[in-house]
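As C-alpha cells, the structure follows; a few thoughts come after it.
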Amino acid sequence: MDDSHETRSPLKAKALRNPGQWCEERRKQIFEQKLETPLLLFVGMVALTVAEFTRLYLKAPPQPFLYLAMTFGFLAFALVRMRKYLPEMRNLALAAEGEKAVGQFLERLRAEGYEILHDVPANGFNVDHAIVGPAGIFTIETKTWRKPRSGNARISFDGETLLVNGKRPHRDPIVQARAQASWLANEVEAGTGRRFAVRPVVLFPGWWIDSAEGAHRDVWVLEPKALPKFLENEGSTMEPEAVRLVAYHLSRYIRTFAPGV
C-alpha cells in the first residue's frame, strides 16, 4: 500500500557532502547533458542499419545505405562531443580521486580536535574541504595534477607566484584559494556574527614542493603529508567553543544550501 501522501521522511536534514562529490556530480551532468544523447542516437542507428542489411540479405526491399549514412552522421556527432568533453571528464575523475584521498587523510585530524567538512558548496564553485580546530579555520583546495612521465615534478612557491616545473599554470590556484578563504570568512561571519580569520591552503598530492623562506605567510602550498606539522606549529589559537560554533554553522549551511539562493 502506497501511503506516501500520509507520511513523511524521518530525516530532518540532508546529509553532509562527501569528498569529491562536486566533481562526480559534474561528470554525471556532462554525460547526461552532452554525451548520452549522441551515444544513444548512434546505437539506435547501428540497430537500424543492422536491420536494413538483414532485410537486404533476406531480399526484402532494403535501404541500407541511407541508414548507413545516417549512422556515420550520428557517429561523427558523438565523436565530436566525446573529443570535446571526455578530457574534462577524465580530469574530473582524477580530481575526485584526489579529493577522496585527501579527505580520508584529513579525517585523521579529528583525533586532534578538528572538525572536517567536505565539498562545501557555493554558487558557482565549491570548497574541497574546510577544517576547523585548535589552529583556526582553513579552506583546502586539492590540486590533483598529472605529473610528467619523466623528469621533475616540482611545485615552487615564493609567497605570491606558483610555478609548475618552472611554468605558470593556466589557472592560478593561489588566487582561487584566497577567494575561497575570503568567501568562507564572510559566510561564517554572516552565520555566527563573529569574524574569524580563514587561512587558504593548496594541497598537491604526490608533488615535491619547493617553498621560498617566508612563502607561507598567508597561503600554505603543501604536499598533504606536511599539513599536520604546519597545523601543529600554529599552536592553539581557537577555543573549543568557537570551534563548535563555526562547525555547527557550516554543517547547517551545507545541509540547507540551495543553488542560487
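The values are calculated or read from the model by the stated rules, or taken from the named source; none is laboratory data. From a predicted model like this one, the values you see are computed outputs, not experimental measurements. All Cβ positions, glycine included, derive from the backbone under ideal geometry; neighbour counts span all protein chains shown. When the accessible area is computed, the model is the full protein with side chains, heavy atoms only, and any ligands, DNA or RNA have been set aside. Shrake-Rupley method; radii C 1.70, N 1.55, O 1.52, S 1.80 Å.
Structure summary
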{"item": "For the range 107-261, the fraction of alpha-carbon pairs in successive 10 Å shells from zero, as %", "result": "10, 40, 33, 14, 2, 0"}
{"item": "Percent antiparallel among DSSP beta bridges (both partners in the range 149-261, rounded to 5)", "result": "35 percent"}
{"item": "The range 54-112 - Rg and Dmax from Cα coordinates, angstrom", "result": "24.1, 78"}
{"item": "Max mean-square fluctuation residue, GNM over the chain, Cα-Cα springs under 10 Å, options D172, D210, D128", "result": "D172"}
{"item": "Descending Cα extents along the principal axes, the range 28-91, whole Å", "result": "49, 16, 14"}
{"item": "Computed helical MRE - 222 nm, the chain, DSSP H runs ≥ 4 contributing -39500 (n - 2.57), nearest 500", "result": "-16000 deg cm²/dmol"}
{"item": "Inter-label distance for A76 and D210, nm, one decimal - labels placed 7 Å from Cα along Cα-to-Cβ", "result": "4.9 nm"}
{"item": "For the chain, convex hull of alpha carbons as volume per residue, Å³", "result": "217 Å³"}
{"item": "1.4 Å probe accessible area per residue over the chain, in Å²", "result": "61 Å²"}
{"item": "Accessible-area composition of the chain, carbon plus sulfur, in percent [1.4 Å probe]", "result": "55 percent"}
{"item": "Accessible-area order (highest first, 1.4 angstrom probe) of the listed residues T161, T49", "result": "T161, T49"}
{"item": "Chain lengthening between A179 and N233 when straightened (0.36 nm per residue, less Cα-Cα)", "result": "17.0 nm"}
{"item": "Length added when fully stretched, E241-R108, from 0.36 nm per residue minus Cα-Cα", "result": "45.8 nm"}
{"item": "The range 29-46-the range 166-193 distance, computed between alpha-carbon centres (Å)", "result": "37 Å"}
{"item": "Centroid-to-centroid separation of the range 55-108 and the range 194-261 [C-alpha atoms, Å]", "result": "38 Å"}
{"item": "Percentage relative contact order, the range 101-233, counting C-alpha pairs under 8 Å, at least six apart", "result": "24 percent"}
{"item": "Paired Rg and Dmax values of the range 177-216, which use every Cα atom, in angstrom", "result": "13.8, 40"}
{"item": "For the range 215-225, 3J(HN,Hα) per residue [Karplus equation, 6.51 cos²θ - 1.76 cosθ + 1.60, θ = phi - 60°, Hz, x = Gly/Pro]", "result": "5, 9, 5, 10, 10, 9, 10, 9, 7, x, 5"}
{"item": "Packing rank of 193-200, 163-170, where each peptide gets the mean count of other beta carbons within 10 Å, highest leading", "result": "193-200, 163-170"}
{"item": "Helix runs (DSSP H) in the chain reaching 18 Å along axis by Cα, Kyte-Doolittle at least 0.5", "result": "36-57, 64-106"}
{"item": "Among Q180, Q33, Q63: highest mean-square fluctuation, GNM of the chain, C-alpha pairs under 10 Å", "result": "Q63"}
{"item": "Burial ranking of peptide ranges 115-121, 184-190 (average Cβ count within 10 Å, highest at the top)", "result": "115-121, 184-190"}
{"item": "Förster-model FRET efficiency, 41 Å R0, A47 and N152, C-beta, rounded to 0.05", "result": "0.20"}
